[in-house]
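The values are calculated or read from the model by the stated rules, or taken from the named source; none is laboratory data. Here the structure is a predicted model, which is why all the values come from computation and not from measurement. Here the Cβ positions follow ideal geometry from the backbone for every residue, glycine too, while neighbour counts run over all protein chains shown.
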Amino acid sequence: MLKETITADAAGTWNLADLPVRRIGFGAMRLTGSAAFHLGRPSDRDRSIAVLRRAVELGVDHIDTAAFYFSSLRSANELINSALAPYPDDLVIATKVGPHRTYAGEWGPSARPEDLRGQVEENLRQLGRDHLDVVNLRRMRQESVAEHFGALAELREEGLIRHLGLSDVEPRHLAEAQAIAPVVCVQNRYGLGFHDPAGDEMLRICGEQGIAFVPFYAIAGEGGPQGAASVHDEELLAVARAHGATPAQVRIAWILHQGPHVLAIPGTGDPAHLAENVAAGALRLTGDELARLAALRSAADGG
């Protein structure tokens, strides 16, 4: 395995407009339980706080969260606040709005444009901040994002939000949003073991326009929100063995190799996995290895 002492510096940096971040960040969703939006056995609070503090010690300066990341006893935003406030000056916290969960944990109707102020203010309260660094609008199957994005742009003008991003969108939605306000990042599902050709187009467009592309579920493969993939193709295992790395580290490294504008936000509640994820930023894959791994995505698409 790659050495635990490797820090997030090894992955390089990218600028979210005026906010420089290291390309290995941290996704907070899994801090609240063993699986996404887990409402059964809660995570260990002390361990989750330790993971967050260790992430910052390892050079992570970009945390992805949301107010709807909570379980029966845990809130990702509350954990971040408890662990890291007062926040380091260079720490960028990105959150997202749009989806809505009741206090019982059930998904409700997605937010209307007029609801977004309340969601932004909820994130501000939970995180203990007077502004949010980045707010991503998560598209919830609506055809147009203009009205929702316009509502966030107004909050940006008021100073509650510094920068805006999009999540789960197509190129047409990006263009629609850019006609209203600048977009600094796009979060879409992307990774080995999952291939949506539209994701390749979005990756390319973001690279051409200098927009950060931030894949989610990047190490989960087909598992998606259920967690990191546990079944791996032999090609992936062979690349991992060649580097003395784990399959998850290879998945993260492959993501980072897709362009200098690509950011990785792997999440975990395990300190050992955290160190491995950060160390993946130092893993350099060869051209042959990248081609072999790219073939896995073509196979996932059936072509």
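Scanning region 124-152 for residues that are surrounded by fewer than 20 Cβ atoms within 10 Å (Cβ to Cβ), more than 18 Å from Pro99 (Cα to Cα) and either in contact with a strand residue (DSSP E or B) (Cβ under 9 Å, 6 or more places away or on another chain) or in contact (Cβ under 8 Å) with a residue 40 or more places away in the chain (or both) turns up Gly128, Arg129, His131. Look at region 7-24: where a residue is surrounded by fewer than 19 Cβ atoms within 10 Å (Cβ to Cβ) and a partner is aromatic (Phe, Trp, Tyr), sitting 6+ places away or on another chain with Cβ atoms under 8 Å, you get Pro20/Trp14.
Take Arg156 and decide whether it is modelled with pLDDT of 95 or more, more than 30 Å from Glu208 (Cα to Cα), more than 16 Å from the chain's Cα centre (by Cα) and among the basic types (Lys, Arg). Criteria not met by Arg156. Gln258 falls short on exactly one of the conditions (1) surrounded by fewer than 22 Cβ atoms within 10 Å (Cβ to Cβ); (2) touching a Gly at 6+ places or on another chain (Cβ under 9 Å); (3) in a helix (DSSP H, G or I); (4) at pLDDT 95 or above, and that condition is (3). Taken over region 267-287, residues that are modelled with pLDDT under 95 and in a loop (DSSP other than H, G, I, E, B) amount to 4.
All conditions in (1) at pLDDT 95 or above; (2) out of contact with any Gly (no Cβ under 9 Å at 6 or more places or on another chain); (3) part of a helix (DSSP H, G or I) hold for Ala291, with the sole exception of (1).
Is it fair to say His173 is more than 28 Å from Asn277 (Cα to Cα) and touching a residue at least 24 places away in the same chain (Cβ under 8 Å)? Even if it seems obvious, please write down each step before you answer.
Values: more than 28 Å from Asn277 (Cα to Cα): yes; touching a residue at least 24 places away in the same chain (Cβ under 8 Å): yes.
Yes.
Summed over region 61-72, residues that are at pLDDT 95 or above and either part of a strand (DSSP E or B) or under 17 Å from Asn188 (Cα atoms) (or both) total 5.
Residues in region 167-187 that are crowded, with 18+ Cβ neighbours inside 10 Å and among the small types (Gly, Ala, Ser) were compared, and the one that is nearest to Val97 (Cα to Cα) is Ser167.
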